[in-house]
Each structure stands twice: as structure tokens, then as C-alpha cells.
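Notes follow the structure.
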Amino acid sequence: MQGAPSPGRWYDSAHGHNRYYPARGSAVRALPQGSRGVVWGGVNYHYHGGVWYGPGPRGYVVVQPPFGIVIADLPVFATVVTLAGIGYFYADGVYYRDHVGGGYEVVPPPPDTAAAPLERSFVYPRNGQSAQQQASDEYECHRWAVGQTGFDPTAAATGGTSATPTQRTDYERARTACLDGRGYTVR
């Protein structure tokens, strides 16, 4: 844990993250030293230590960042999470994925994997890949398997599509083949 709770703060225990953050909507007059700015949709956002800030009436306000915004770096304490075979980084209620152009993209929260369960698989790096590289490879293999099979388990979990058992099996086989080719064992 980081410090004790106080008004205007919330405790983020998701995925074992276990940190306190300022509550969304909290007003701040000045940005923390070292914060970085990102323009998205004509709005100047700032982030620091996993916390996002947007323009407020008398300075700034703690906000949920928009999906699609890309930042250069994550806080060192970001939690690596793998859900439904897809790797994410997590901090302050926000999920991130590696961005193909570099940096990290804010993405929607992953679907509840219980809503559309796949057979659970475990991915082990055979060549000493870092957690960051593994998350990136898992995401790229997910995208490739979706392209090969036409089935996206994340869309199925949110009710976006339905799937036959064959589609699920084909997706998992394609994903496993991709990961194997990148130096991972999938069980």
C-alpha cells in the first residue's frame, strides 16, 4: 500500500495493483512537477505517476483519459495483466497496450472473460523475453489470430458477436501457432 486513505483518494486493488490515487473529478491548481502533456482531440491532457489531468475551471481536474490517446511511458509501478490471452498494462483504473508507433495506448477495459470463456492457456517465454515484450507479442498474436479466423473473443465477450466452438478452437490454434513462432510455449 502507498500511504493512508484520505478524502479525495481511492484505493486501487484491481489485479493486485494496491495503490492510492486521487479520485476522478478532484481539482488541482497546479500540475505535479514532471508531468507530461498530450494533445488529444484539441484538448490538452497531462499525466504523471499514472494519474491523468484535464483542463478545469481553476486549473486542472483528475480525469479518465480518452481511449486511443498515446503516451511515451508508463509509471514504473504499472501492473502487467494478461486477460483472455491478451497482455495489458494497468495503473489507476486505466488499461494500456503497446502502440505500434511506440509508446502506450489507452484502451477500453478488457471484457469480463467469464462472459465468453476460452479454455484458459498459460504463456511462458522460452527465450527470456521481458514481460513488456511478452505483452506486446501476445497482443500482436491476438490480432493476427482474429485476422486469420474472423473470430475475436473480446468482441464475443461483450456481446458484439457470437461464436461457434469451431471458431473458438481455430482462434486459439492460430494464436498458439503465432506465439510458438515468437518463442513462447503455450499450455
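Numbers at a glance
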{"quantity": "Given (1) of a type in the set (A, V, I, L, M, F, W, C); (2) assigned to a helix (DSSP H, G or I); (3) at pLDDT below 75, index of the condition Ala177 fails", "calculated": "(3)"}
{"quantity": "Test: residue in segment 43-65 that is hydrophobic (A, V, I, L, M, F, W, C), out of contact with any helix residue (DSSP H, G or I) (no Cβ under 6 Å at 6 or more places or on another chain) and part of a loop (DSSP other than H, G, I, E, B)", "calculated": "no"}
{"quantity": "Any hit, segment 16-33, residues being among the aromatic types (Phe, Trp, Tyr) and exposed (fewer than 15 other Cβ atoms within 10 Å of the Cβ)", "calculated": "no"}
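The values are calculated or read from the model by the stated rules, or taken from the named source; none is laboratory data. Quick caveat, the model's predicted, so the values are computed rather than measured. Cβ sites come from the backbone with ideal geometry, for glycine too, and all protein chains shown count toward neighbours.
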